[in-house]
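Taking it in order: structure first as structure tokens, then the write-up.
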Amino acid sequence: RSPAGMLLVAAGLLLAVAAGGRGSPAGEQESPPGSRFVCTSLPLDAAGTGCPLPPVPMQGGALPPEEELKATVLQLRETVLQQKETIGSQREAIRELTGKLSRCEGADGKSASGAWKNEVGKGKDTMGDLPRDPAQVIDQLSRTMQTLKDRLESLEHQLRANVSYAALPSDLREMLQRRLGDLERQLLSKVAELEDEKSLLHNETSAHRQKTETALNALLERVSELEKGHSAFKSPDEFKVSLPLRTNYLYGKIKKTLPELYAFTVCLWLRSSASPGIGTPFSYAVPGQANEIVLIEWGNNPIELLINDKVAQLPLFISDGKWHHICITWTTRDGMWEAFQDGEKLGTGENLAPWHPIKPGGVLILGQEQDTVGGRFDATQAFVGEMSQFNIWDRVLKAEDIMNIANCSINMPGNIIPWVDNNVDVFGGATKWPVETCEERLLDL
């Protein structure tokens, strides 16, 4: 081919490269809609009717065709280079902005300010108002503080050099005197406060001491009165009820009543001074049944236990005029009963009012047998003698516990009826006296 044809082909290729650069898919600037570059190989004879070339300014007249083509190719080359540079700069700006946007919207939990600080730390200064690196800030503050410190020391040296040494001690003396005066006034004020507190504390202590002494004196007087009294007891349960005559009006009464019971244990100390028969140590009557629980020895008959008017004879022998400890247990299951004297089991039996619960709300009398609830006593059935430690439990005590109570090893008050002074009233000449100790009663056996 001729040189002119070669130049046309080269111009077409350069136009294709320029068009491909403007249509790249990387997000760069694209050609306006409707503008397309189509490059087609043309035959040599159609060079005059092909794509029109931009006009080249003529200098000094018309140029030969080869020179004109060369000028056109150079112009196109410069245009392509300019487009490449523009596209390159735009690509770099897009990449930078995309990176910053990704760091701002990233899911790593960092704040936007932190991202900008990291960007600054990497050396990129894309925005003039970004915060500086903390280490640089701290370092700058340190240098500023050191500068201020140096300036302050310099001023102090100058002040020492300029101040008269003759005037300085006088100023210090006045300042110290004022300070000492203030301290002295504060000290005197504190001493005065302490004196007032001491006086108040002394008055309160004296009043408290006087109140304590008054209470102690009252207690001492009360103890002296109790020690002198004939009816004083060492404790609420250390007393006995004395029933000296066989009458129908002399008795003791338990203030508390019994609940419904399906088992019980009754224990007491007693000393009888009558014969034949000791009479009735205690009886419990309820509406409709005067003999709900009765312990009785009448005439020459043996001691009997009545429950719901049913009778069981007990192998107990206590009419010798000595102190004896008596315990009786019973349960509604099969009507089982046990009899203990001085801690030893002397008898047992069954079928005594089986499956009958002890009724509640009755009256418990010491020393008399009731024909009606709380009354109609018979003198021939009255107990004559002394009794103490009358206790009732709502269960069957173990034989070991009964033995320990009888030999004074333990003190076990009844959980239903305990033996306490304010729970026992006496009538008709019955009296309450201090009782012998448990050990003294044991010696009487």
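The values are calculated or read from the model by the stated rules, or taken from the named source; none is laboratory data. Computed from a prediction, not measured in an experiment: that's the story for all the values here. Heads up, the Cβs are rebuilt from the backbone with ideal geometry, glycines too, and the neighbour counts pull from every protein chain shown. The accessibility values were calculated without ligands, DNA or RNA, using every heavy atom of the protein model including side chains. Shrake-Rupley method; radii C 1.70, N 1.55, O 1.52, S 1.80 Å.
Other residues within the sphere of radius under 11 Å centred on the Cβ of residue 363, judged by their own Cβ, net out at +2 (K and R +1, D and E -1). Legend: calculated FRET efficiency, residue 223 to residue 257, from the Cβ-Cβ distance at R0 = 60 Å, rounded to 0.05, equals 0.95. Each residue, residue 444 and residue 82, gets one label point 7 Å from its Cα in the Cβ direction; the gap between the two is 14.2 nm.
Modelled spin labels at residue 157 and residue 409, positioned 7 Å past Cα toward Cβ, are 10.0 nm from each other. Which distance in Å, rounded to a whole number, links the C-alpha centroids of segment 383-439 and segment 342-370? Each part reduced to its Cα centre gives a spacing of 16 Å.
Taken along its principal axes, the alpha carbon cloud of segment 239-444 reaches lengths of 39, 39, 35 Å, longest axis first. Normalised by residue number, the volume inside the convex hull of the Cα atoms of segment 385-424 is 89 Å³ per residue. If the viscosity is 1.002 mPa s and the temperature 20 °C, what Stokes-Einstein diffusion coefficient in µm²/s follows for segment 249-331 when Rh is the Kirkwood radius over Cα pairs? Approximately 155 µm²/s, per Stokes-Einstein.
Counting only other residues whose beta carbon sits under 12 Å from that of residue 386, what net charge do I get with K and R as +1, D and E as -1? Computed value for this residue: +3. Here the accessible area of segment 280-407 is 48 percent carbon and sulfur, with a 1.4 angstrom probe and all protein chains present. Legend: residue pairs 240/398; 322/398; 240/345; 255/345; 256/322; 310/398, Cα-Cα distance threshold 27 Å; pairs beyond threshold, 255/345; 256/322. Sorting 376-387, 314-325 by their mean Cβ neighbour count within 10 Å, with the most densely packed peptide first, gives 376-387, 314-325.
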